[in-house]
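The values are calculated or read from the model by the stated rules, or taken from the named source; none is laboratory data. These numbers come from a predicted model, not from an experiment. A quick note on method: Cβ atoms are made from the backbone with ideal geometry, for glycine too, and the neighbour counts reach across all protein chains shown. Just so you know, the surface numbers come from the protein's heavy atoms only, side chains and all, with ligands and any DNA or RNA stripped out. Shrake-Rupley method; radii C 1.70, N 1.55, O 1.52, S 1.80 Å.
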Protein chains: 2
Amino acid sequence: MPESPGFAHAAWLMADPARAMMLMALTDGRARPAGELARAAGITPQTASVHLARLHAGGLLAMETQGRHRYYRMAGDHVAQAVEQLAAIRPLPQPARTVVGRKGRLLRHCRTCYDHLAGRVGVLVTRALVYQGFLVAVADKRFEVSRSGATWFSALGIDVDTLRPTRRGIARQCLDSTEREHHLAGPLGRRLLESLCDRGWLRRSREPRVIQVTPAGRQALKRYLGVDPERAASPHGQ
Amino acid sequence: MPESPGFAHAAWLMADPARAMMLMALTDGRARPAGELARAAGITPQTASVHLARLHAGGLLAMETQGRHRYYRMAGDHVAQAVEQLAAIRPLPQPARTVVGRKGRLLRHCRTCYDHLAGRVGVLVTRALVYQGFLVAVADKRFEVSRSGATWFSALGIDVDTLRPTRRGIARQCLDSTEREHHLAGPLGRRLLESLCDRGWLRRSREPRVIQVTPAGRQALKRYLGVDPERAASPHGQ
DNA sequence: TCGATGCTTCGTCCCGCGGCGAACCATCAC
DNA sequence: GTGATGGTTCGCCGCGGGACGAAGCATCGA
């Protein structure tokens with residue numbers, strides 16, 4: 001009668017295709033009503049209701065009632081991070097490589113991960129910030145912001161000192177599921193994405209999670225960070 | 001016909017109790033033969049064989065054949081990270097929620113964990129020690145004490161060099177059950193708690209496990225570590 | 001060569017869980 | 001009030017997959 005480890009339950013909740021689809025639809029951090037999630041998962045409302053109740057009881061989703069609607073959202077970024085971490089586990093590559101469509105390429109290139117920047121652009125930006133000494137990777141999957149980093153961020157209108165740190169600090173290392181390298185997450189990551197969008201350097205696409213780099217953004221990334229995502233080589237060479 | 005997201009498969013592999021037990025047995029990073037894992041999971045060898053093959057194909061485990069034995073180990077650090085991340089997701093404790101009274105709050109705030117400091121204060125102190133570079137989180141759930149750290153501890157009358165290391169070293173990372181973050185354990189953790197009590201900065205309460213921070217202690221924590229536990233944001237405040 | 005050991009494959013049983021239709025409950029509009 | 005809409009609960013069905021016994025395959029020791 002070996003008791004199953006605690007993580008098995010959370011894993012079980014994520015394992016079902018319908019539940020996984022709903023979690024996927026919530027990766028942007030926004031809250032959605034149950035019906036919309038049912039449609040996103042391709043199941044009937046009553047089935048979705050059971051799933052959502054389980055995800056809620058399991059601590060994966062937070063729920064808020066508004067009138068006759070029930071809005072669900074991720075219970076926290078630790079859940080989103082678990083999803084990302086799981087997505088980084090890839091089955092042994094069988095002979096054929098999967099065909100990636102246009103949308104897949106766009107997502108790989110630049111997307112949001114919960115509430116911050118991810119994909120190749122997210123990784124390149126983070127890598128540059130570390131390379132320039134603005135961020136320092138420290139223990140416990142965190143980043144530390146250096147003095148020069150604080151100055152750099154303030155040039156973007158981000159006052160690092162006024163950011164409210166969460167339990168896990170102000171800047172976290174989040175494993176990018178497609179690039180298999182860390183990108184910037186946490187309050188600072190969220191604020192950075194916000195700021196880049198405000199400046200018109202990045203633009204949210206109509207497709208969920210897809211982010212576009214504007215021409216002005218491309219110039220700015222090159223100038224301020226020496227990053228040119230269009231020309232960067234793919235990380236996983238083969 | 002929505003295709004289920006990629007992470008669902010990895011989650012499914014972790015969701016089964018037997019597979020979870022085997023993964024658990026491999027969290028130390030060492031390789032173990034199939035039979036031993038079967039025993040650890042409490043299942044027959046033939047059942048374990050199927051599970052292990054799936055975990056291997058799914059990219060969670062690496063396999064190595066030696067003679068008639070087959071050794072399995074974690075496929076990489078990213079798998080262990082995913083397990084940890086999932087373990088951090090806890091179902092919301094419905095009944096206990098309302099029962100968390102004064103004593104519960106006190107325990108959450110500051111308590112002993114076996115022989116060392118835990119709770120919010122324990123985590124904040126540890127976080128500060130890492131942030132200041134006195135402790136460095138290294139592999140195998142250990143902390144290393146830096147040069148500056150040794151100096152800092154000696155100012156508290158703790159001679160790091162004379163501490164008798166156990167099998168797992170002198171300073172361990174212990175996952176805090178309420179804060180979901182590591183705090184300092186091991187001989188150094190024990191000694192630190194002892195020292196803070198001796199100086200009158202902390203005081204054991206009459207209730208078991210509860211620790212009180214004295215006014216002098218609050219001042220000292222702020223001065224020496226920049227930590228003010230009374231003002232720190234609530235851990236589970238979203 | 002022969003038996004012992006470690007692991008896998010095959011065949012079979014059966015429980016758990018996801019799915020939907022129908023009915024029920026709550027809120028909003030009028 | 002009535003009807004409409006969003007969400008949940010109930011009941012039943014079907015299937016996927018996890019369990020083990022038995023048999024098969026490979027390697028080691030003598």
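Across the identical copies, the 7 Å label point of A:Arg147, projected outward along Cα→Cβ, sits 2.0 nm from its counterparts, in ascending order. Remark on A:Ala62: its backbone amide H falls under 5 Å from those of A:Arg73, A:Met74, A:Ala75, a criterion applied only to residues 5 or more positions apart or on other chains, H modelled at 1.01 Å from N. Residues whose amide H comes within less than 5 Å of that of A:Glu144, counting only those at least five positions distant or on another chain, are A:Val136, A:Ala137, A:Val138 (H built at 1.01 Å from N in the peptide plane). Between the listed residues A:Pro33, A:His9, A:Met63, the Cα displaced farthest toward the positive end of the dipole of segment A:2-72, a dipole computed from Cβ unit charges relative to the Cα centre, is found at A:Pro33. For the pair segment B:14-67 / segment A:109-138, the C-alpha centres are spaced 35 Å from each other. Evaluating 6.51 cos²θ - 1.76 cosθ + 1.60 at θ = phi - 60° for every residue in segment B:122-138, the Karplus couplings come out as x, 5, 5, 4, 4, 4, 5, 4, 6, 4, 7, x, 7, 10, 10, 6, 10 Hz, glycine and proline recorded as x.
For segment B:13-33, the residues whose backbone nitrogen is under 14 Å from a point 7 Å from the Cα of B:Gln66, taken along Cα to Cβ, are B:30-33.
Accessible surface of A:Arg111, taken over heavy atoms with a 1.4 Å probe and every protein chain present, rounds to 10 Å².
Scaled against the 2.2 N^0.38 Å expected of a compact globular protein of N residues, the Cα radius of gyration of segment A:102-225 reads 0.98. The figure for B:Arg120 is an accessible area of roughly 50 square angstrom, using a 1.4 Å probe on the protein chains alone. Residue ranking by accessible heavy-atom surface, 1.4 Å probe, largest first, among B:Lys222, A:Lys141 comes out as B:Lys222, A:Lys141.
Taken residue by residue and averaged, Cβ atoms of other chains lying within 10 Å of the Cβ of A:49-57 number 1.
Taking all Cα pairs closer than 8 Å and separated by 6 or more residues, the relative contact order of segment A:9-75 comes to 35 percent. For A:Glu181, nonlocal amide neighbours, meaning residues 5 or more places apart or on other chains whose placed amide H falls under 5 Å from its own, are A:Asp176.
Given a Förster radius of 56 Å and the C-beta distance between B:Ala53 and B:Ala216 as r, what FRET efficiency does 1/(1 + (r/R0)^6) yield to the nearest 0.05? Provide the component values of the computation, followed by the final result.
Values: r = 61 Å, r/R0 = 1.08.
According to the calculation, E is roughly 0.40.
Residues A:Tyr224, A:Tyr72, B:Tyr71, B:Tyr131 ordered from highest to lowest accessible area at a 1.4 Å probe: B:Tyr131, A:Tyr224, B:Tyr71, A:Tyr72.
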